[in-house]
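Accompanying notes for the structure given below.
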Amino acid sequence: MIDAFRELYGDTGHVRVFRAPGRVNLIGEHTDYNLGFVMPMALDLATCIGTAPASGGKLRIYSEQHKELREWPVTRLADAVRSGHWTDYPLGVARELIRAGYAIEPANMLIRSTVPEGSGLSSSAALEVASALALLQGRGIDKLELARLCQRSEVEFVGLPCGIMDQYISVFGRDHAAVRIDCRSLEHRAVALPDGIAFVAVNTMVKHALAGSAYRQRTEECTAAVEWIQSRIAGVESLRDVSPGEFTGIDHAMPPLIARRARHVVMENERVDRFVEATSRSDLPLMGELLVESHRSLQHDYEVSCPELDFLVDAALAIDGVLGSRMTGGGFGGCTVTVLRNGAAGHFATQIAKCYEARFGVTPKIYPCRPSAGAGELNNFENIPPAA
Ligand code: GLA
């Protein structure tokens, strides 16, 4: 990567490399913007940015994935506007950093990423967080501020009203563990995963156009549900505040559509804690069951799945050694995550690819999910992914 950087920009002195991981969410889907609970893990799939200071007053960014070099005078970054291009992610972060009082210095950058785009493994958050670190050039920043700043950039610059999960886990990821995050208090704790199991992500290789608009619509439906509940239960500020017991006392009177949306969120929040419990007791069958329950709820109540995801889940459940499976991330395409017994992964990969190819004529990409540390500067160059 350093060689590629020098080839592009010349030998401009010391090149620093910053890395931010993608993630797979194990459970707690569409709960983050309802201020509830999520349990993702950071992956060893990551975005790395090599950077060195430059003369000439410009910020230059090259993306290996897009094979494209773009540049801007640093004095123009504060007024940058969205263009629907991959550069929205680093530009939005630059604008947020400036707003937060960090000056952006002229620099050259090269982006190399192994997080597949549009896969629901959070390539955007990985790019945002890596960009922020690269733009800061080693200046310190509070980790929570870093995650919030990147989320703000996605909401305000890119225009997706997302929660904080993806940016948070990219910053706070842990080696060897998943992380349970409370999206209201913004506290987290590491949850060690039992021995004897593996998590595998399978990519549908589709991202339906609906994804962005439906996401926004779900956030609005959740707001409508909160407004309806507020007139019945005191002190409810988000769906996080509604217990399953309280919900089943009122849901029959609720307009059916928002009742289904709210039911998913209320039950999913509870499922996160049941999953954490099951994990700590190494109750593998229950862990698997909870993943499937989560998927059914996303499929039927929240309606953010799609035929490709449903097919992958159903096909996975019929394969030996599989304990459970569900869609992961925002939905309408992207990946499923499957938990299976160690040793079953090889057979699973062959089988699931065969079924999916037979049904959709597309070969799904399969990623073993290894928990990895959160974002930071790399000084161990073995961690840098090779060029695609
Ligand atoms: C996307 C968003 C996250 C979260 C998930 C669904 O990944 O970026 O904030 O809402 O969808 O759980």
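The values are calculated or read from the model by the stated rules, or taken from the named source; none is laboratory data. Nothing here was measured: the structure is a model prediction, and the numbers come from that model. Cβ coordinates were reconstructed from backbone atoms using ideal geometry, including for glycine residues, and neighbour counts include every protein chain displayed. Remember, those area values only see protein heavy atoms, side chains included, never the ligands or the DNA or RNA. Shrake-Rupley method; radii C 1.70, N 1.55, O 1.52, S 1.80 Å.
The table below lists the values:
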read-out	value
Failed criterion for GLY163 (all others in (1) open to solvent by 20 Å² or more (accessible area, probe 1.4 Å); (2) part of a loop (DSSP other than H, G, I, E, B) hold)	(1)
Tally of residues being surrounded by fewer than 22 Cβ atoms within 10 Å (Cβ to Cβ) and touching a residue at least 60 places away in the same chain (Cβ under 8 Å) across segment 6-32	4
Residue list for segment 292-336, restricted to those being open to solvent by less than 10 Å² (accessible area, probe 1.4 Å), part of a helix (DSSP H, G or I) and of a type in the set (Gly, Ala, Ser)	SER294, ALA316
Breaking point among (1) open to solvent by less than 10 Å² (accessible area, probe 1.4 Å); (2) assigned to a helix (DSSP H, G or I); (3) more than 16 Å from the ligand (Cβ to nearest atom); (4) touching a helix residue (DSSP H, G or I) at 6+ places or on another chain (Cβ under 7 Å), for ALA147	(3)
Sole residue being assigned to a helix (DSSP H, G or I) and of a type in the set (Val, Ile, Thr), chosen from THR204, THR223	THR223
From LEU69, LEU35, LEU121, residue being within 15 Å of the ligand (Cβ to nearest atom), open to solvent by 50 Å² or more (accessible area, probe 1.4 Å) and not charged (D, E, K, R)	LEU35
Residue check for ARG95: surrounded by 24 or more Cβ atoms within 10 Å (Cβ to Cβ), among the basic types (Lys, Arg) and touching a residue at least 24 places away in the same chain (Cβ under 8 Å)	no
Members of segment 214-241 that are open to solvent by less than 30 Å² (accessible area, probe 1.4 Å), in contact with a helix residue (DSSP H, G or I) (Cβ under 7 Å, 6 or more places away or on another chain) and within 15 Å of TYR33 (Cβ to Cβ)	ARG218, THR219, GLU221, CYS222, ALA225, VAL226, SER238, LEU239
